[in-house]
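The values are calculated or read from the model by the stated rules, or taken from the named source; none is laboratory data. No experiment lies behind these values; they were computed from the predicted model shown. Neighbour counts are summed over all protein chains in view; Cβ atoms, including those assigned to glycine, are modelled from backbone coordinates with ideal geometry.
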Amino acid sequence: MSSFFLGGDNLFLGIDIGDSSLKMVELKKKNRRIYLSNYAFSENVSEINFTKVEDANYLARALNKIRADAGITAKKVTASLPTFAVFSSIININNVDKRGLTEAVNAEAKKVIPLPLDEMTLDWKIIPDADGKISTKGNAQVFLTGSPKKLVRKYIDIFKAAKLELASLETETFSLVRSLVGDDKSTVMIVEIGATSTDLFIVKESIPVLNRSLAVCASTITRALAEKLGLTYAQAEQFKFDLSMTLAADTNEKLPQLLIKTLEPIAMEMEYMLDFFQSQNKGNVEKVILSGGGALLLNLADYLSKRLNLRVVIGDPWNRVRYPEELRPVLSEVGPRLAVAIGLAMREID
């Protein structure tokens, strides 16, 4: 398939380092359009937790092996910081002009961040008001994120050892918003069902205003199938894939009760967040976007849509990316897994 991919200059590489996976997407900008140049990923390496590996040289070798095997040539990288490691909060700033904004944000950050500020790297952006305007005078709401400097230094060391230029770091949340929501200003919920956790957040005006994280995830489903059917983990993974294909072939087929029971904590959390948001903000979430490998459990979107009485779709992170039509089937299958990496690659383009 490499003959379909674009090479040359003006390349942008996003790398998503997950607990048990390494994923990367290389995009190319040409005439104000975004094209797929290349992609690669390594998943289900259960004996390795990449986010906990402290050996920068080991991770650098792993990254470079995947790049080399796929023929990825871009050296300028945007990488993700794991959601669980990054603190985020919405703070209120009162009666402050633009010159005093940084000092005011730092003062409020001390009240909400549980670690000393000298151990954190802070980032923040002003949330637009109801009219979509950004105020730098008077009162304002600010979306604040804080990343441990130790974690940031770890990533800098990894990419230095890999001889790659680290252009920027950002949380997975913002990458997902960029690839799955884009310029859409409607209020949506994104549910990222990953291998080791499920992250849920409500996005309003492209800002994540409410977020939660659950331990129930794609591997929870696999373990439940393995226990119920007496299979190994690998066999249960294959069975889950085969089941998804069967459900896809018969759209009237419902999710089996075992899966419904296993996914119940996710459905309940979604209901709670939707109700809480509506009660606090006097507004409604217009749709739910599923992402991550767990989103590919087909008919899950249909089940949740009926359960929540709300439109639920599987996110398409390739929506703004051009690629050969003959690649559509495979890219549709891997898209939810690569949504973070796609959003990361888009950061420098945007």
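Annotations for the structure displayed:
- Among the residues making up segment 201-235, those that are surrounded by fewer than 16 Cβ atoms within 10 Å (Cβ to Cβ), of a type outside the set (D, E, K, R) and in a helix (DSSP H, G or I) are Leu229, Tyr233, Ala234, Gln235.
- A count restricted to segment 160-190 and to residues that are more than 23 Å from Leu122 (Cβ to Cβ), crowded, with 21+ Cβ neighbours inside 10 Å and charged (D, E, K, R) stands at 0.
- Set Lys254, Lys261, Lys282: member being in the same structural domain as Cys217 (by TED's automatic domain parsing) and modelled with pLDDT of 90 or more: Lys261
- The listed residues are Glu43, Glu108, Glu54, and the only one of them that is of a type in the set (Asp, Glu) and modelled with pLDDT of 85 or more turns out to be Glu108.
- Strands (runs of 3 or more DSSP E) completely within segment 98-200 that count 3 or more residues being under 23 Å from the mean Cα position of the chain (by Cα) and in contact (Cβ under 8 Å) with a residue 60 or more places away in the chain: 140-148, 165-171, 188-193
- Qualifying positions in segment 287-299 - modelled with pLDDT under 95 and closer than 20 Å to Val181 by Cβ: Gly292, Gly293, Gly294, Ala295, Leu296
- Pair list, Cβ < 7 Å and 6+ apart or interchain, from segment 48-68 residues that are exposed (fewer than 12 other Cβ atoms within 10 Å of the Cβ) to residues that are part of a helix (DSSP H, G or I): Asn57/Ala161
- Close contacts from segment 307-320, counting a first residue that is within 16 Å of Gly343 (Cβ to Cβ) and a second that is in a loop (DSSP other than H, G, I, E, B), with Cβ to Cβ under 8 Å and a gap of 6+ residues or different chains, come to Asn319/Gly182; Arg320/Gly182.
- Selection status of Phe84, of a type in the set (Phe, Trp, Tyr), out of contact with any Phe, Trp or Tyr (no Cβ under 9 Å at 6 or more places or on another chain), modelled with pLDDT under 90 and buried (at least 18 other Cβ atoms within 10 Å of the Cβ): no
- Residue in segment 158-174 that is charged (D, E, K, R), at pLDDT 90 or above, touching a helix residue (DSSP H, G or I) at 6+ places or on another chain (Cβ under 9 Å) and under 30 Å from Glu264 (Cβ atoms) present: yes
- Boolean, Ile34 is out of contact with any Phe, Trp or Tyr (no Cβ under 9 Å at 6 or more places or on another chain), crowded, with 19+ Cβ neighbours inside 10 Å and farther than 22 Å from Leu151 by Cα: no
- Here Ser88 passes the criteria (1) in a helix (DSSP H, G or I); (2) closer than 19 Å to Tyr155 by Cβ except the one numbered (1).
- Selected residue (criterion: surrounded by the fewest Cβ atoms within 10 Å (Cβ to Cβ)) from residues of segment 94-109 that are farther than 12 Å from Gln141 by Cα and hydrophobic (A, V, I, L, M, F, W, C): Ala107
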